[in-house]
Amino acid sequence: SDAPTVTAPLHGSVVLSCSERCSGVVRWTVFSKRSDPLAECDQTSCRSVKEGYQMIYNQYLQGNLSLIITEADYSKRDWYTCECDGRDVCDVRLQIKPFPTVKVLYNGAAVLPCTYKCSGVISWSCNLSDPLAECDQTSCRSVKEGYQMIYNQYLKGNLSLIISKADFSKRGLYTADCDGRDLCEVELQIKALNSTVQIQSGESLLLKLKRSDQVEVVYNSTEAAGSSSVKICTVYGYKLKCKDNYTQRTSLLPDLKLRDMKKSDSGVYTIRDTRNNEEIQIYTVTVRGTCLVWE
């Protein structure tokens, strides 16, 4: 049968269960490092070979060969093997509960939560890069502009990182490190902006862009039954390329302008960052007829 999987909370203790009678030497290892025991037992005693791993002697005598991991972190995610006199008796996979995800609006402020006591230096980084912000017992420092921690919160165990303006360059996996030990991991994602636009037939639709964007504009009609999404334009810096039936109606000055809108142009226009495969902004557009009705 398939080996069981045990999911542990980050920094929590976890038991990898194994029930088997063994009158000889029981040894736990990581599957990929079979020559490096973590903990072991024989008829006289149990020993913790590597700090943070242990077995219980009286349980071993009763056929309970379980391994206790005192503090599970991401570095301990792996397949573990229990063997009796060199014979495999149990395989267990250890996973850590998924790190939390913070999702904020494009260019919005973000707070990445982390609650632990750290008496040393706490430092935040993204995707294993250089430090962004850090605190110690005397003060907090913003190492890179746009990132900060609050000193009085740090003293109380609130180690959260504040990102003042989250754009797509800031998405990724952030790690809080206390004196070289990972405490928290938080993934930052960016939500697309949603806008509702109502214009009259014959007017122009403006889709806001940044010059640094490498984007595509995808259109989904709300007028045609059973229609699918169609990529109508791509923008690379100052270069605009559109489908033939849109070329004469579009310009980039500096936003993307779609002229002479008709009722049949109603629908959803999505601006997607092709470099990061992310939706930046979604416009839900309604084009009204030329006759105005005043209420």
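One quarter of the convex hull surface, Cα atoms only: what value does that give for the chain in nm²?
24.7
At a temperature of 37 °C and a viscosity of 0.692 mPa s, determine how fast the range 143-234 diffuses translationally according to Stokes-Einstein, using the Kirkwood radius over alpha-carbon pairs as Rh; express D in µm²/s, rounded to the nearest whole number.
Calculated translational D: 183 µm²/s.
At 0.36 nm per residue, minus the direct Cα-Cα distance, what do Thr5 and Thr247 gain on full extension? Give it in nm, one decimal, please.
81.6 nm
Mind listing P(r) for the range 5-96? All alpha-carbon pairs, 5 Å bins, whole percents.
Result, from short to long distances: 3, 16, 29, 28, 16, 7, 2 percent.
Once you have the Cα-Cα distance between Lys103 and Leu193, take 0.36 nm times their residue separation minus that, and quote the gain in nm to one decimal.
Extra length available between Lys103 and Leu193 comes to 31.2 nm.
Quick check: residue separation of Val15 and Val121 times 0.36 nm, minus the Cα distance between them. What number comes out in nm?
Gain on extension, Val15 to Val121, equals 35.1 nm.
Need one number: nm distance between label points at Ser204 and Ser75, each 7 Å from Cα along Cα→Cβ, rounded to one decimal.
5.8
Can you compute 3J(HN,Hα) from phi for each residue in the range 54-60, using the Karplus curve 6.51 cos²θ - 1.76 cosθ + 1.60 with θ = phi - 60°, rounded to whole Hz and x for Gly and Pro?
8, 10, 9, 4, 5, 6, 4
Please state, rounded to one decimal and in Å, the Kirkwood hydrodynamic radius that the range 232-295 gives when every pair of distinct Cα atoms enters the mean of 1/r.
13.6
Can you pull out the trypsin sites (Lys or Arg not before Pro) in the range 113-180 that DSSP calls coil and that have at most 15 other Cβ atoms within 10 Å?
Hits after loop and neighbour filter: Lys117, Lys144, Lys156.
At 1.306 mPa s and 10 °C, plugging the Kirkwood radius over alpha-carbon pairs of the range 193-288 into Stokes-Einstein gives what diffusion coefficient in µm²/s?
Diffusion coefficient, whole number: 119 µm²/s.
What is the antiparallel percent of DSSP beta bridges lying wholly in the chain, to the nearest 5?
85
For a quick size check, give me the Cα extents of the range 101-191 along its three principal axes, largest first, whole Å.
Dimensions of the range 101-191 along the principal axes of its Cα atoms: 35, 21, 21 Å.
Listing Ser17, Ser35, Ser160 from the residue with the fewest other Cβ atoms within 10 Å to the one with the most, what is the order?
Placing the least packed residue first, the sequence is Ser35, Ser17, Ser160.
Longest segment of the chain with no chymotrypsin sites (Phe, Trp or Tyr not before Pro) in a DSSP loop having at most 12 other Cβ atoms within 10 Å?
Value returned for the longest uninterrupted segment is 1-237.
From the helices alone, meaning DSSP H stretches of at least four residues, give me the mean residue ellipticity at 222 nm for the chain, per-run term -39500 (n - 2.57), in deg cm²/dmol to the nearest 500.
My calculation for the chain gives -1000 deg cm²/dmol from helical runs alone.
With θ set to phi - 60°, apply the Karplus curve 6.51 cos²θ - 1.76 cosθ + 1.60 along the range 249-266 and write out the HN-Hα couplings as whole Hz, x wherever there is a Gly or Pro.
9, 10, 8, 10, 9, x, 7, 6, 10, 10, 8, 6, 5, 10, 4, 5, 8, 4
Taken together, the values in this text are just the output of simple stated rules run on the coordinates, not laboratory data. Here the structure is a predicted model, which means the values were calculated and not measured. Ideal geometry is used to build each Cβ from the backbone, glycine not excepted, and the neighbour counts take in all protein chains shown.
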